[in-house]
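Participant: Pasting a structure below so you can have a look.
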Amino acid sequence: MSFAGVSELLSSLVPAAGGGASGHGDPVAAVAIGLALILLAAKLGGDLAARLGQPPVLGELVVGIVLGNLSLLGFGGIEFLKTDPSIDMLARLGVLILLFEVGLESTVAQMLKVGLSSFLVACLGVVAPFALGWGVGAWLLPDASIYVHAFLGATLCATSVGITARVLKDLGKSRTDEARIVLGAAVIDDVLGLVVLAVVAGVIAAANVGGTMAWTGIGLIVGKAVLFVGGALALGLWLSPRLFALAAKLKSGGVLLAVGLSLCFVLAWISDAIGLAPIVGAFAAGLILEDTHYHAFVERGEPGLDKLVHPVSSFLVPVFFVLMGCAPTSQPSRTPRSSSWPWC
């Protein structure tokens, strides 16, 4: 059978399994077959990357790129992976779990120890791409306005905390001081990038109406970011041991994992509510949780929180990276503020 014949056969089978017109109509079927394809492809790609001496996350991204471009070969049976809102949401949960898991491997004291270094790295990580983006924009688009050049520089300030964290984890270096500097810088860079985008957007908006930018808005963004990070760490260190001491009195199974993930999701929600990326809150939640906080669970024979989170991470994190490699272009579940993946 020719490739075209195989492609046509698979294209007819996948929609049927996904609950299309020829299927049985249960919407979970599309999610099930999509996850099966993603997970198997992720493990195959990760294994190949590891055999080549590369982090497995590279293989996951590459197989995502391959899956996302199979339509160029005439096979469009898995195009639904790019637009299915359920798979998209699982991917988003995956990156939250990843940053939470990485945060669990460090403590607030360890991060504060490298705080100055992280801040300097973050500043360089914003200034350098902004200046280069501006300069290249002025070189390639000499007739464009200065606002275009500034906008190009601002867009290059975005970083991928998720990929940074996953590469360090794959390399087994996430507990080193160097990794903490890089991760701390990536989180700070997320805040600084938000400030740069707000400044550039404010200047452009003011220029369009012939006015001047209100700097109070920029100050509000910075203030909220500092207040959230500082408040979350300080309050979390005080609240976390008391919360887990209370939770330890519950006799049902899975309490430690449920409380830990709930704290992660609450801080992610608060982070988003004040205009920061949810992963900042997830990372902060991991930082404030220390082994001593849930020692009562470990004493009665339960695994530590990091071990409990690992199976969840192994399931959801590859979904995120494969889907990011697929380069989804239109997600009906996304809001305008989160219409693309750079926040990860």
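The values are calculated or read from the model by the stated rules, or taken from the named source; none is laboratory data. All figures in this text were calculated on a predicted structure; none of them were measured in a lab. As a convention, Cβ positions derive from the backbone with ideal geometry for all residues, glycine included, and neighbour counts pool all protein chains shown. What goes into the accessible areas is simple: the full protein's heavy atoms, side chains included, and nothing from ligands, DNA or RNA. Shrake-Rupley method; radii C 1.70, N 1.55, O 1.52, S 1.80 Å.
Participant: Within segment 106-140, restricting attention to residues that are in contact with a helix residue (DSSP H, G or I) (Cβ under 6 Å, 6 or more places away or on another chain) and in a loop (DSSP other than H, G, I, E, B), which residue is surrounded by the most Cβ atoms within 10 Å (Cβ to Cβ)?
Facilitator: The qualifying residue surrounded by the most Cβ atoms within 10 Å (Cβ to Cβ) is SER106.
Participant: Shifting gears a bit: Of all residues in segment 243-300, count the ones that are touching a Leu at 6+ places or on another chain (Cβ under 8 Å), of a type in the set (Phe, Trp, Tyr) and closer than 17 Å to LEU93 by Cα.
Facilitator: Count: 2.
Participant: Something else: Within segment 264-277, how many residues are within 20 Å of SER174 (Cβ to Cβ) and modelled with pLDDT of 85 or more?
Facilitator: Residues flagged as within 20 Å of SER174 (Cβ to Cβ) and modelled with pLDDT of 85 or more within segment 264-277 amount to 3.
Participant: Can you go through LEU308, LEU287 and tell me which one is at pLDDT below 90, crowded, with 21+ Cβ neighbours inside 10 Å and not in a loop (DSSP other than H, G, I, E, B)?
Facilitator: On the way: LEU308 fails: crowded, with 21+ Cβ neighbours inside 10 Å.
Exactly one residue qualifies, and that residue is LEU287.
Participant: From the list GLY45, GLY59, GLY53, GLY23, which residue is in a loop (DSSP other than H, G, I, E, B) and modelled with pLDDT of 80 or more? Break it down stepwise before answering.
Facilitator: Values: GLY45 fails: in a loop (DSSP other than H, G, I, E, B); GLY59 fails: in a loop (DSSP other than H, G, I, E, B); GLY23 fails: modelled with pLDDT of 80 or more.
Every option except GLY53 fails the conditions.
Participant: To continue, here is another question. Go through segment 71-81 residue by residue and tally those that are open to solvent by less than 40 Å² (accessible area, probe 1.4 Å) and part of a helix (DSSP H, G or I).
Facilitator: 1
Participant: Considering every residue within segment 177-186, establish whether at least one is among the hydrophobic types (A, V, I, L, M, F, W, C), open to solvent by 20 Å² or more (accessible area, probe 1.4 Å) and under 19 Å from LEU116 (Cα atoms).
Facilitator: First pass over segment 177-186, keeping only residues among the hydrophobic types (A, V, I, L, M, F, W, C): 179, 181-183, 185-186.
Checking the rest, the ones that are also open to solvent by 20 Å² or more (accessible area, probe 1.4 Å) come to 181-182.
Retained after the next criterion (residues that are under 19 Å from LEU116 (Cα atoms)): 181-182.
There is at least one residue in segment 177-186 that is among the hydrophobic types (A, V, I, L, M, F, W, C), open to solvent by 20 Å² or more (accessible area, probe 1.4 Å) and under 19 Å from LEU116 (Cα atoms).
Participant: Here's a follow-up. Within segment 26-42, which residues are at pLDDT below 90 and either within 16 Å of VAL66 (Cα to Cα) or in contact with a Pro (Cβ under 8 Å, 6 or more places away or on another chain) (or both)?
Facilitator: GLY34
Participant: Given the structure, is CYS157 of a type in the set (A, V, I, L, M, F, W, C), in a helix (DSSP H, G or I), open to solvent by less than 90 Å² (accessible area, probe 1.4 Å) and in contact with a helix residue (DSSP H, G or I) (Cβ under 8 Å, 6 or more places away or on another chain)? First the steps, then the outcome.
Facilitator: On the way: of a type in the set (A, V, I, L, M, F, W, C): yes; in a helix (DSSP H, G or I): no; open to solvent by less than 90 Å² (accessible area, probe 1.4 Å): yes; in contact with a helix residue (DSSP H, G or I) (Cβ under 8 Å, 6 or more places away or on another chain): yes.
When the stated conditions are applied, CYS157 does not pass them.
Participant: Right, next: Of everything in segment 141-151, what is small (Gly, Ala, Ser) and in a helix (DSSP H, G or I)? Give them in sequence order.
Facilitator: Across segment 141-151, the qualifying residue is only ALA150.
Participant: How many of the residues in segment 82-95 are part of a helix (DSSP H, G or I), more than 30 Å from GLY172 (Cβ to Cβ) and touching a Gly at 6+ places or on another chain (Cβ under 7 Å)?
Facilitator: 1
Participant: Identify all residues within segment 120-134 that are under 19 Å from ILE204 (Cβ atoms) and modelled with pLDDT of 85 or more; write none if there are none. Working first, answer last.
Facilitator: Let us first name the residues in segment 120-134 that are under 19 Å from ILE204 (Cβ atoms), namely 126, 129-131, 133-134.
If the condition is that a residue be under 19 Å from ILE204 (Cβ atoms) and modelled with pLDDT of 85 or more, then PRO129, PHE130, ALA131, GLY133, TRP134 are the ones that fit.
Participant: Report yes if ILE270 is more than 29 Å from ILE33 (Cα to Cα), aliphatic (A, V, I, L, M) and in contact (Cβ under 8 Å) with a residue 40 or more places away in the chain, otherwise no.
Facilitator: Considered against the rule, which asks whether it is more than 29 Å from ILE33 (Cα to Cα), aliphatic (A, V, I, L, M) and in contact (Cβ under 8 Å) with a residue 40 or more places away in the chain, ILE270 comes out as yes.
Participant: Considering only segment 96-105, I want to know if a residue exists there that is assigned to a helix (DSSP H, G or I) and open to solvent by 60 Å² or more (accessible area, probe 1.4 Å).
Facilitator: Checked against the condition, which is being assigned to a helix (DSSP H, G or I) and open to solvent by 60 Å² or more (accessible area, probe 1.4 Å), segment 96-105 yields no hits at all.
Participant: Write out, first by first residue and then by second, each pair whose Cβ atoms fall under 7 Å of each other, whose residues are 6+ apart or on separate chains, and whose first residue, in segment 51-62, is touching a residue at least 60 places away in the same chain (Cβ under 8 Å) and within 15 Å of LEU171 (Cβ to Cβ) while the second is open to solvent by 20 Å² or more (accessible area, probe 1.4 Å) and of a type in the set (Gly, Ala, Ser).
Facilitator: PRO56/ALA50
Participant: Another question, if that's okay. For segment 213-233, does any single residue satisfy the condition of being in contact (Cβ under 8 Å) with a residue 40 or more places away in the chain, farther than 24 Å from VAL195 by Cα and assigned to a helix (DSSP H, G or I)?
Facilitator: no
Participant: Consider only pairs whose beta carbons are under 8 Å apart and that are at least six residues apart or on different chains; among these, list those whose first residue lies in segment 245-257 and is assigned to a loop (DSSP other than H, G, I, E, B) and whose second residue is surrounded by 10 or more Cβ atoms within 10 Å (Cβ to Cβ).
Facilitator: Hits for this filter: ALA248/VAL255; ALA248/TYR294; ALA248/ALA296; ALA248/PHE297.
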